[in-house]
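For reference, the structure is listed below as structure tokens.
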Amino acid sequence: MEKVVIIGSGCAGLTAAVYTGRANLKPVVLMGTSMPGGLLTTTSIVENFPGFPDGIDGSELMSRMQKQAERFGAQLRYLAAHSVDLSKHPFTIDTDDGPIQTESIIIATGAGHRHLGLESEAKLHEGGVTYCATCDGALPRYRNKPLVVVGGGDSACEEATYLTRFGSVVYLIHRRDTLRASPIMAERTLAHAKIKPVWDSVVTDVLDVAKGEVTGVRVKNVKTGAESVLDCAGVFVAIGHIPNTQLFKGALDLDENGYVLRKEGSATNVPGVFVAGDCSDHVYRQAVTAAGMGCAAAIDAERYLAALNQ
């Protein structure tokens, strides 16, 4: 019987592991098998996490968090959770190594970026294709260069506006002729002198795979079928996120997009089950906010266990 099992190995999960470990709860962290460390491991340089004035490689940051969690007694297991039974207490988590029973759970499964689905997009992921302007936009490779943002919602508008600080021009490519963003956000975006909308268009290819870096995008007008090439140094894809919460469908309250709904603090609708990070946050989605939520979930779990075992 475990006191607390943390599902997820990103900033939220490992911060929760540090805090529950220091509380002597001997947390078990299910790291997963496909991407231990979460999305941050795909970011080459993290410049906005406090404490690293010169920036830090995303994988290195997650490696340090893992060592810190282990120092305080966290048990890191490279196992995936296949199903959960939250209908009775203690809870049961089915893993690659068999079932685990636990008195409490912290869900920190994160979210994944929606991708365009292009082969060239995947090949240039480390060469100028990115999914977070706040994370990568200030890098030297993008400064004073034309940039592309793909999307038409609030996130795309926020990315485009943010990138005007660095790029010479920001092309906002959207498959429709109007933005899906909120009216205020759309108006502000379209009024910016550096932002050039490219309406009724989709990206069909990212150039140049042979060079190993983004040099432009091939764009197709969905109404006329006409194709053209836009020169750019970076492609910022902002077409939404997919929370990694399929495991909890039917077991927890989720919103229409699959994000876990929080009640008071980090609590879910099931007592003893807490949530932290991007699987419950569709607004900020930053490493530092995920870490803060992981801290909160750990404290909430500690207090729940203390009350349960009085």
Legend entry - Any chance residue 103 is of a type in the set (Asp, Glu), over 30 Å from residue 207 (Cα atoms) and surrounded by fewer than 20 Cβ atoms within 10 Å (Cβ to Cβ): yes
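Is it fair to say residue 223 is assigned to a loop (DSSP other than H, G, I, E, B) and closer than 23 Å to residue 180 by Cα? Explain how you work it out, then say what you get.
On the way: assigned to a loop (DSSP other than H, G, I, E, B): yes; closer than 23 Å to residue 180 by Cα: yes.
Against the criterion (assigned to a loop (DSSP other than H, G, I, E, B) and closer than 23 Å to residue 180 by Cα), residue 223 qualifies.
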Inset, instruction - Go through segment 267-279 and count every residue that is closer than 18 Å to residue 291 by Cα and without any contact (Cβ under 8 Å) to a residue 40 or more places away in the chain. - result: 1
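Counting only residues that are among the β-branched types (Val, Ile, Thr) and outside any loop (DSSP other than H, G, I, E, B), which one in segment 260-281 is nearest to residue 3 (Cα to Cα)?
Here is the first cut: in segment 260-281, the ones among the β-branched types (Val, Ile, Thr) are 260, 268, 270, 273, 275.
Narrowing further to those that are outside any loop (DSSP other than H, G, I, E, B): 260, 273, 275.
Numbers: 260: 22, 273: 12, 275: 16 Å.
Looking at residues that are among the β-branched types (Val, Ile, Thr) and outside any loop (DSSP other than H, G, I, E, B), I get 273.
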Inset, instruction - Looking for whichever is without any contact (Cβ under 8 Å) to a residue 24 or more places away in the chain and either open to solvent by 30 Å² or more (accessible area, probe 1.4 Å) or touching a strand residue (DSSP E or B) at 6+ places or on another chain (Cβ under 6 Å) (or both) here; the options are 262, 285. Which one fits? - result: 262
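Restricting the search to segment 98-118, which residues are touching a residue at least 12 places away in the same chain (Cβ under 8 Å) and either of a type in the set (S, T, N, Q) or farther than 28 Å from residue 266 by Cα (or both)?
So in segment 98-118, the residues touching a residue at least 12 places away in the same chain (Cβ under 8 Å) come out as 100-116, 118.
Those that are touching a residue at least 12 places away in the same chain (Cβ under 8 Å) and either of a type in the set (S, T, N, Q) or farther than 28 Å from residue 266 by Cα (or both): 101, 102, 104, 109, 115, 116, 118.
Residues checked against (1) in a helix (DSSP H, G or I); (2) out of contact with any strand residue (DSSP E or B) (no Cβ under 8 Å at 6 or more places or on another chain); (3) crowded, with 21+ Cβ neighbours inside 10 Å; (4) of a type in the set (D, E, K, R):
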| residue | (1), (2), (3), (4) |
| --- | --- |
| 20 | yes, no, yes, no |
| 33 | no, yes, no, no |
| 67 | yes, yes, no, yes |
| 87 | no, yes, no, no |
| 93 | no, no, yes, no |
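Residue-wise test of (1) more than 25 Å from residue 249 (Cα to Cα); (2) in contact (Cβ under 8 Å) with a residue 24 or more places away in the chain.
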residue: 17; (1), (2): no, yes
residue: 20; (1), (2): yes, yes
residue: 31; (1), (2): no, yes
residue: 50; (1), (2): yes, yes
residue: 54; (1), (2): yes, no
residue: 66; (1), (2): yes, yes
Inset, instruction - Using the structure shown, decide if residue 209 is buried (at least 18 other Cβ atoms within 10 Å of the Cβ) and touching a Lys or Arg at 6+ places or on another chain (Cβ under 8 Å). - result: no
Legend entry - Pairs, first within 14 Å of residue 236 (Cα to Cα) and in contact (Cβ under 8 Å) with a residue 12 or more places away in the chain in segment 194-207, second hydrophobic (A, V, I, L, M, F, W, C) and surrounded by fewer than 16 Cβ atoms within 10 Å (Cβ to Cβ), C-beta under 8 Å, six or more apart: 202/222; 207/229
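One residue is enough: does segment 147-163 have a residue meeting the conditions of a type outside the set (S, T, N, Q), surrounded by fewer than 23 Cβ atoms within 10 Å (Cβ to Cβ) and either in contact with an Asp or Glu (Cβ under 8 Å, 6 or more places away or on another chain) or in a strand (DSSP E or B) (or both)? Spell out how you get there, then give the answer.
Pass one, segment 147-163, residues of a type outside the set (S, T, N, Q): 147-154, 156-160, 162-163.
Restricting the remaining residues to those that are surrounded by fewer than 23 Cβ atoms within 10 Å (Cβ to Cβ) gives 153-154, 158, 162.
Restricting the remaining residues to those that are either in contact with an Asp or Glu (Cβ under 8 Å, 6 or more places away or on another chain) or in a strand (DSSP E or B) (or both) gives none.
Looking through segment 147-163, none of the residues is of a type outside the set (S, T, N, Q), surrounded by fewer than 23 Cβ atoms within 10 Å (Cβ to Cβ) and either in contact with an Asp or Glu (Cβ under 8 Å, 6 or more places away or on another chain) or in a strand (DSSP E or B) (or both).
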Inset, instruction - Being surrounded by fewer than 22 Cβ atoms within 10 Å (Cβ to Cβ) and of a type outside the set (A, V, I, L, M, F, W, C) is the filter; apply it to segment 231-243 and report the residue that is farthest from residue 164 (Cα to Cα). - result: 240
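State which residue is surrounded by the most Cβ atoms within 10 Å (Cβ to Cβ) when the search covers only segment 1-18 and only residues that are β-branched (Val, Ile, Thr) and not in a loop (DSSP other than H, G, I, E, B).
We begin by selecting, within segment 1-18, every residue β-branched (Val, Ile, Thr); these are 4-7, 15, 18.
Within this subset, residues satisfying the condition of being not in a loop (DSSP other than H, G, I, E, B) are 5-7, 15, 18.
Working: 5: 26, 6: 34, 7: 27, 15: 28, 18: 23.
Going through the qualifying residues, I end up with 6.
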Legend entry - Yes/no for residue 175 being among the charged types (D, E, K, R), over 26 Å from residue 252 (Cβ atoms) and surrounded by fewer than 24 Cβ atoms within 10 Å (Cβ to Cβ): yes
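The values are calculated or read from the model by the stated rules, or taken from the named source; none is laboratory data. Because the structure is predicted, anything quoted here is derived from the model rather than measured. Note: ideal-geometry Cβ built from the backbone for every residue, glycine included; neighbour counts use all protein chains shown. With ligands, DNA and RNA removed, areas are computed over all heavy atoms of the protein, side chains included. Shrake-Rupley method; radii C 1.70, N 1.55, O 1.52, S 1.80 Å.
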